[in-house]
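Laboratory data are not the source of any read-out in this text; all were calculated from the coordinates shown. Values in this document were obtained by computation on a predicted structure and should not be read as measured data. Glycine also receives a Cβ, built like all others from the backbone with ideal geometry; neighbour counts cover every protein chain displayed.
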């Protein structure tokens, strides 16, 4: 009888073409599959909690897999997998769950962080977006408040995506200053393709007064991606947290 296991991991997305397996491209999913299959000596196929794009990082990510035998030495499996995985991927834990738990569909919310540095910094290359203009954080925060009462995020969705609808429930959205620049945090029940990067680009236009709050609301209401601002680069984006019902969290 097959058993289901969750994997908690993190990764630097720089050398990968996103999470999902692609032809002739290096993905996190394929790399993880190969490492686990080598150790368990069975073909392992992992299913992720989402699909991060090329260059996007994950501070916390979950995947699950099924195997037709119980794994008794989970700590050993974690250690051995980390030994053969590339330095950009680290497994934190592997734990058994009920067969109907799903890393994507059982999740109740997801959180992202976007990092910006204001001055040239060689140590932020590939980790943060360099943006030198001063930002009006107060106006951007007002824009964030509008996001929390918005349901349809079509204006911030990648065109021709395969989603059935563009409805999202944004529970938290905030811009704040950091020691080196700014950061944007957002939590929602689900996200559309390219949504966070488009939101960041558009709220940056608010912050430099390229658009005002009325125009920002008009962009939301337009339900048209061409109305919104540009998508910021992937390398400043981090999937920071995934939440699950309490009965699952107790296992991990």
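Taking the C-alpha atoms only, the angle from helix 137-147 to the longest principal axis of the chain is near 60 degrees. Where only DSSP H runs of four or more residues are counted, the chain gives -7500 deg cm²/dmol as its mean residue ellipticity at 222 nm, each run worth -39500 (n - 2.57). Of the residues 46, 139, 72, the one that moves most in a GNM of the chain with alpha-carbon contacts below 10 Å is 72.
Expressed as an acute angle from 0 to 90° and rounded to the nearest 10, what is the orientation of the C-alpha long axis of helix 28-40 relative to the principal long axis of the chain? Value to nearest ten degrees: 10.
Assuming R0 = 25 Å, can you tell me the calculated FRET efficiency for the pair residue 174 and residue 59, based on Cβ-Cβ distance, to the nearest 0.05?
Working: r = 17 Å, r/R0 = 0.68.
FRET efficiency, residue 174 to residue 59: 0.90.
The slack in the chain from residue 132 to residue 23, taken as 0.36 nm per residue of separation less the alpha-carbon distance, amounts to 35.5 nm.
The stretch between residue 47 and residue 119, if pulled fully straight at 0.36 nm per residue, gains 22.1 nm over its current Cα-Cα span. Taking the 0 to 90 degree range and rounding to the nearest ten, how far is the long axis of helix 195-207 tilted relative to the main principal axis of the chain, both from C-alpha atoms? Once rounded, one gets 30 degrees. Anyone know which of 199, 32, 159 comes out most mobile in the 10 Å Cα GNM of the chain? In this elastic network of the chain, the residue with the biggest mean-square fluctuation among 199, 32, 159 is 159.
Computed over the chain with a Gaussian network model linking Cα atoms closer than 10 Å, the most mobile of 86, 96, 233 is 86. The distance separating the Cα centre of the stretch 101-165 from that of the stretch 29-49 comes to 30 Å.
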